[in-house]
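The values are calculated or read from the model by the stated rules, or taken from the named source; none is laboratory data. All values derive from a computational prediction rather than experimental measurement. FYI the Cβ positions are ideal-geometry reconstructions off the backbone, even for glycines, and counts take in every protein chain you see. Only protein heavy atoms, including side chains, enter the accessible area calculation; ligands, DNA and RNA are left aside. Shrake-Rupley method; radii C 1.70, N 1.55, O 1.52, S 1.80 Å.
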2 protein chains.
Amino acid sequence: MTDLADALGFAETLADAARAAILPHFRAGGPARNKAAEGFDPVTLADHESEAAMRALIRQRFPDHAIEGEEFEDHPSDSDWRWILDPIDGTRAFIAGLPTWGVLIGLAHRGRPVIGVLDQPFTQERWRGYPGGADHESPHGARRALQTRPAAGLGEAILMTTDRYLFDGEELSSFERLRDACRLTRYGMDCYAYGALALGGVDLVFENGLKPVDIAALIPIVEGAGGAVLDWTGAPAGEARPLGGRVLAASSAGLAQAALARLQPAST
Amino acid sequence: MTDLADALGFAETLADAARAAILPHFRAGGPARNKAAEGFDPVTLADHESEAAMRALIRQRFPDHAIEGEEFEDHPSDSDWRWILDPIDGTRAFIAGLPTWGVLIGLAHRGRPVIGVLDQPFTQERWRGYPGGADHESPHGARRALQTRPAAGLGEAILMTTDRYLFDGEELSSFERLRDACRLTRYGMDCYAYGALALGGVDLVFENGLKPVDIAALIPIVEGAGGAVLDWTGAPAGEARPLGGRVLAASSAGLAQAALARLQPAST
């Protein structure tokens, strides 16, 4: 049996290890290897060292748990518990020297993410999500409970997506209808956008093509702060198998429904 | 006569005052007023308090200098010296709780920016530019001289712009031609993009519609780090009157020329 409070503390140990592995490489000019057959999907030594450090700690502490990570082969297991790791979510931002990437550590029970940590080593911010709550700490303030902001209407909402050019065809039309309905749209933040939503600054995050490691840790954080993480049909993203794909995160279930209603053309 | 080393130290005093004025408001949920007739151009109490604090210090120390700022009327003067202030560049990011806005403090001599400070209060980063150099400090490292990275070809370059939807018609075509030629494009960073260029992570920043306060402080920083700040015809942005408009910042003069060549359709 795995105790969740214990697992949450251990997830922070993993985040500490990832920070120590990554920070010496940030803005140090190291090379990025392209792992994509087409286009540019960079991976760095920092990604590898961060994930390797976390995996070693998990195998020592919870040798029976499964491990899934961005950079190495799955470590399968019959256990109900699976660690889902993105050693650097936002490697493109990382190699550009921007501070909006993050380390994502999720723990799923029978496929459902129940604990999540988002750590930003450069800003020294850490978000934690767990059943019934979420919190945040930074050099500017001690750990405090998170609450998304009271649901504004769509016309008052701030929308985020990482890169508009990741949408094409019908997906682009859906994004642009949603963008037109919102007050403001900001771009380019990867996992940090979900952190800003949990902090109460952003209302909606709209993305496609997510892998399990991109979203597992963020679901407990957004849900713990009172928000919703759904797919584009309105089903809970935490129930998807595999996790990921098309995701809409919202500060409330009501705002999520208002956003989903904009994804299809209005009938006339 | 104004001594530049003295003025640079004083610009840091302004940045300290701005930090103190802004940080209590960041992520505090305060209201944003819309100052645009159409669309959404937010201004907050933090913008006002930051600029008021800086203006009071300037009028005390350099009563004969002109002052131009985003939120208040120009303070005219016959002096050759003009302070050009953006109390929060990236107010949209600020109200969304993102860490990529900044305080911009420029000092121009006869219209030409000669000193610039970019301060990020939340990450506690500070960039300084001055004739012949630029530097950066953060909680992760003592002040160090900045140098843009050795000019890669356009096919290796990382391009940044804040919001692709700020381009329309021919401007959008130019942006998309440049984007197609670059290795990677990232979005949404306002002044922080120029800071990342001076740090050697980003190679190109491409923007339109800039006001003098959006660019004055950034020109000495990028130039001091070895980069170039031009308009879209290739003329030095520091010579433009008024400052601003369409800007291309590049890690080197050579890369800037390669980028400018992409802005027009290829002749066939």
Just for region B:1-28: of the residues that are more than 22 Å from the chain's Cα centre (by Cα) and hydrophobic (A, V, I, L, M, F, W, C), which one is nearest to the other protein chains (Cβ to nearest Cβ)? B:28
For the subset of region B:247-268 comprising residues that are open to solvent by less than 20 Å² (accessible area, probe 1.4 Å) and not hydroxyl-bearing (Ser, Thr, Tyr), which member is modelled with the lowest pLDDT? B:263
With the first residue restricted to region A:29-56 and required to be more than 11 Å from chain B (Cβ to nearest Cβ) and in contact (Cβ under 8 Å) with a residue 40 or more places away in the chain, and the second required to be in a strand (DSSP E or B) and surrounded by fewer than 13 Cβ atoms within 10 Å (Cβ to Cβ), Cβ contacts under 9 Å at 6 or more apart or on different chains are A:43/A:33; A:43/A:34; A:44/A:33
Checked region B:187-200 for anything touching a strand residue (DSSP E or B) at 6+ places or on another chain (Cβ under 8 Å), facing another protein chain (nearest Cβ under 8 Å) and open to solvent by 10 Å² or more (accessible area, probe 1.4 Å); matches are B:199
Are any of the residues in region A:199-214 without any contact (Cβ under 8 Å) to a residue 60 or more places away in the chain and in a helix (DSSP H, G or I)? no
Residue ranges of helices (runs of 4 or more DSSP H) in region B:1-95 with at least 1 members farther than 24 Å from residue B:166 by Cβ and out of contact with any Pro (no Cβ under 9 Å at 6 or more places or on another chain): B:4-22, B:45-61
I'd like to know if region A:140-155 contains one or more residues that are over 18 Å from residue A:27 (Cβ atoms) and assigned to a helix (DSSP H, G or I). yes
Residue selected from region B:1-39 under the condition crowded, with 17+ Cβ neighbours inside 10 Å and of a type in the set (Gly, Ala, Ser), by the criterion farthest from residue B:130 (Cα to Cα): B:32
Selection within region B:136-167 - within 18 Å of the chain's Cα centre (by Cα), more than 9 Å from chain A (Cβ to nearest Cβ) and among the acidic types (Asp, Glu): B:137
Would you check if residue B:107 is at pLDDT 95 or above, in a loop (DSSP other than H, G, I, E, B) and crowded, with 18+ Cβ neighbours inside 10 Å? no
When you look at residue B:92, is it open to solvent by 30 Å² or more (accessible area, probe 1.4 Å) and within 14 Å of chain A (Cβ to nearest Cβ), yes or no? yes
